[in-house]
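**Q** Below you'll find the structure I mean.
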2 protein chains.
Amino acid sequence: MIIVGASGTMGKHLSNAFRKEHEVIEVASECGDIRVDITSTESIENLFKQVGAFDALISTAGPTYVGPWKKMTDKEFRKGIEGKLMGQINLVLIGQHYINPKGSFSLITGALTHEPQKNFANASAANGAVEAFVRAAAIELENGIRINAVSPTVIENSPQYFPFFPGDIPVTMQQLEYGFRKSVFGANTGQIIKPY
Amino acid sequence: MIIVGASGTMGKHLSNAFRKEHEVIEVASECGDIRVDITSTESIENLFKQVGAFDALISTAGPTYVGPWKKMTDKEFRKGIEGKLMGQINLVLIGQHYINPKGSFSLITGALTHEPQKNFANASAANGAVEAFVRAAAIELENGIRINAVSPTVIENSPQYFPFFPGDIPVTMQQLEYGFRKSVFGANTGQIIKPY
C-alpha cells in the first residue's frame with residue numbers, strides 16, 4: 001500500500017493505522033520512504049518505477065491556495081490546479097500502468113465541493129474536479145481496479161482550520177480512517193465517501 | 001452582454017436569441033466582435049479593457065480532450081484544464097473587476113459532472129471544478145454580482161456527439177436558452193441550472 005502525503009496530519013494517522021496489517025510505503029515531498037513532487041509527472045513516474053506493482057494507493061496530498069478572494073488570480077489558483085487536482089489525477093493516469101488487478105486508488109477531496117467557505121474557492125474547484133474524475137475513471141479502469149474519493153469536513157487534528165469552517169462538526173481521525181478503509185477494502189468504485 | 005464562445009453551436013443560438021432584446025458583444029477565438037484566447041490571462045484582460053463595464057457575461061466556451069482513456073495523459077488532460085476549467089474561471093477572476101453591480105456570470109458545464117461517459121473524463125473533471133467554483137464564487141462576489149452554471153446533457157444541434165451519450169435525451173436549443181435566461185435574468189446565485 002502506497003500512502004502519498006504520508007507526512008501530513010491525515011497521512012501519518014493512516015500510515016500508523018494501516019501498517020499494523022499491511023506493508024506501507026510512505027511517500028511525501030520532503031521525507032518518507034520515497035520522496036515525490038506530485039506536481040511533476042516525471043517524479044510520479046519515478047515513484048512507480050521504484051515501487052513496481054502495488055495493490056492500493058492512498059492519496060492525502062492536497063496542496064491548494066487558501067486566501068482572500070480579492071487576491072485570487074490565475075497565479076494563486078494554480079497551486080490547487082497543479083497540486084490537489086492534477087497531482088492526484090496524474091497519480092491515477094500514471095499509476096494505472098503499475099497497479100495490480102483488483103487494486104484501488106483512494107483520493108482525498110472534501111466537503112468544500114458542495115459546501116463552500118470563504119477563502120477556499122481554490123480547494124472547492126480542485127475537489128469538484130477530482131470527484132468528477134473519480135466517477136469518470138471508475139467506468140474506464142479495467143481488471144477490477146477501483147477508485148474512490150474520501151471527502152471529510154475539517155478534521156479533528158487540524159484545529160487551526162476550525163475558525164474557517166463555522167458550524168462544521170470536525171471529522172475525527174478514526175472516522176477519516178474508516179472512510180479510507182471503506183475505499184481500500186470495500187467493493188465500491190466511483191464513490192465519494194463521506195466519513196461522517 | 002458578453003457572449004464568449006459566440007461562434008459555437010450554443011453561442012450562436014444564444015446570441016441570436018438575446019440580441020433581439022439586448023446589446024450583445026460576440027467573443028470567440030477566431031471571429032466575432034472581439035477575438036479572445038481564453039487560455040491566456042492577457043487575452044482575457046484585453047477583452048475586458050476593450051469592453052469596459054458590462055452587465056452580463058455568458059460563457060459557452062468549453063474546449064476539452066475527448067478520446068480513449070488509455071491515451072489520456074497529463075498532456076491531453078491539459079486541454080480541458082486550460083480551456084473549460086481555467087479559461088472560464090479566469091473570465092470570472094478577471095471579469096469581476098469590470099462587471100457592473102448586480103451583474104451576472106453564466107458559465108457552461110454539463111451532465112458529465114455526475115453522469116460520466118467513456119472518453120470524456122477530461123470534461124467531467126473540468127465541469128466538476130467549474131461547478132464547485134461557481135458555488136464558492138457565489139459567496140465571495142460582492143455588490144449583488146451573481147454567478148451560475150448551466151449544465152445541459154448532449155445538445156440537440158450536436159448530433160455528432162449522440163453516439164457517445166447513449167440514453168441521454170438531447171437538450172433542445174430552446175431548453176438551453178431557457179437555462180441561460182434563468183441564470184442571466186433570474187435572481188439565483190451559486191446554482192447549477194439543469195435546463196431539462
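**Q** Only one of (1) of a type outside the set (Lys, Arg); (2) within 26 Å of B:Ala123 (Cβ to Cβ); (3) open to solvent by 30 Å² or more (accessible area, probe 1.4 Å) fails for A:Asp55. Which number is that?
**A** (2)
**Q** A further question on this structure: Let me spell it out: the conditions are (1) of a type in the set (A, V, I, L, M, F, W, C); (2) over 22 Å from B:Val134 (Cβ atoms); (3) touching a helix residue (DSSP H, G or I) at 6+ places or on another chain (Cβ under 9 Å); (4) open to solvent by 20 Å² or more (accessible area, probe 1.4 Å), and B:Met10 meets all of them except one. Which number is the exception?
**A** (2)
So that you can scan it fast, the table gives a plain yes or no per residue for (1) in contact with a Phe, Trp or Tyr (Cβ under 6 Å, 6 or more places away or on another chain); (2) small (Gly, Ala, Ser); (3) open to solvent by less than 80 Å² (accessible area, probe 1.4 Å):
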residue	(1), (2), (3)
B:Ala17	no, yes, yes
B:Val24	yes, no, yes
B:Ala28	no, yes, yes
B:Arg35	no, no, no
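**Q** Now for a separate question. Mind checking which residues of segment B:37-48 are away from every other protein chain (no Cβ under 14 Å) and either surrounded by fewer than 21 Cβ atoms within 10 Å (Cβ to Cβ) or more than 17 Å from B:Gly87 (Cβ to Cβ) (or both)?
**A** B:Asn46
**Q** Only residues that are open to solvent by 10 Å² or more (accessible area, probe 1.4 Å) and closer than 24 Å to B:Arg146 by Cβ: list them for segment B:64-92, please.
**A** Correct list: B:Lys84 only.
**Q** Of the conditions (1) within 22 Å of A:Arg181 (Cβ to Cβ); (2) open to solvent by 40 Å² or more (accessible area, probe 1.4 Å); (3) in contact with a Leu (Cβ under 9 Å, 6 or more places away or on another chain), A:Ala61 clears all except one; give me its number.
**A** Going through (1) within 22 Å of A:Arg181 (Cβ to Cβ); (2) open to solvent by 40 Å² or more (accessible area, probe 1.4 Å); (3) in contact with a Leu (Cβ under 9 Å, 6 or more places away or on another chain) one by one, A:Ala61 breaks only (2).
**Q** State whether the residues of segment B:31-45 include one that is closer than 13 Å to B:Gly95 by Cα and free of Cβ contacts under 8 Å to residues at least 24 places away in the same chain. Don't jump to the end; show me each part of the working.
**A** At the first step, the residues of segment B:31-45 found to be closer than 13 Å to B:Gly95 by Cα are B:38, B:41-45.
Retained after the next criterion (residues that are free of Cβ contacts under 8 Å to residues at least 24 places away in the same chain): B:42-43.
Scanning segment B:31-45, I find at least one residue that is closer than 13 Å to B:Gly95 by Cα and free of Cβ contacts under 8 Å to residues at least 24 places away in the same chain, so the answer is yes.
**Q** In segment A:163-196, which residue that is in a loop (DSSP other than H, G, I, E, B) and aromatic (Phe, Trp, Tyr) is farthest from A:Ile3 (Cα to Cα)? Spell out how you get there, then give the answer.
**A** Initial filter on segment A:163-196 (in a loop (DSSP other than H, G, I, E, B)): A:165-170, A:172, A:186-191, A:194-196.
Applying the additional criterion that residues be aromatic (Phe, Trp, Tyr) yields A:165, A:196.
Working: A:Phe165: 27, A:Tyr196: 22 Å.
My answer is A:Phe165.
**Q** For B:Gln160, state whether it is open to solvent by 80 Å² or more (accessible area, probe 1.4 Å), of a type in the set (S, T, N, Q), under 25 Å from B:Pro68 (Cβ atoms) and not in a strand (DSSP E or B).
**A** Working: open to solvent by 80 Å² or more (accessible area, probe 1.4 Å): yes; of a type in the set (S, T, N, Q): yes; under 25 Å from B:Pro68 (Cβ atoms): yes; not in a strand (DSSP E or B): yes.
Answer is yes for this residue.
The values are calculated or read from the model by the stated rules, or taken from the named source; none is laboratory data. Being a predicted model, the structure only gives us computed values, none of them experimental. Heads up, the Cβs are rebuilt from the backbone with ideal geometry, glycines too, and the neighbour counts pull from every protein chain shown. These accessible areas exclude ligands, DNA and RNA; they are computed on the full protein's heavy atoms, side chains included. Shrake-Rupley method; radii C 1.70, N 1.55, O 1.52, S 1.80 Å.
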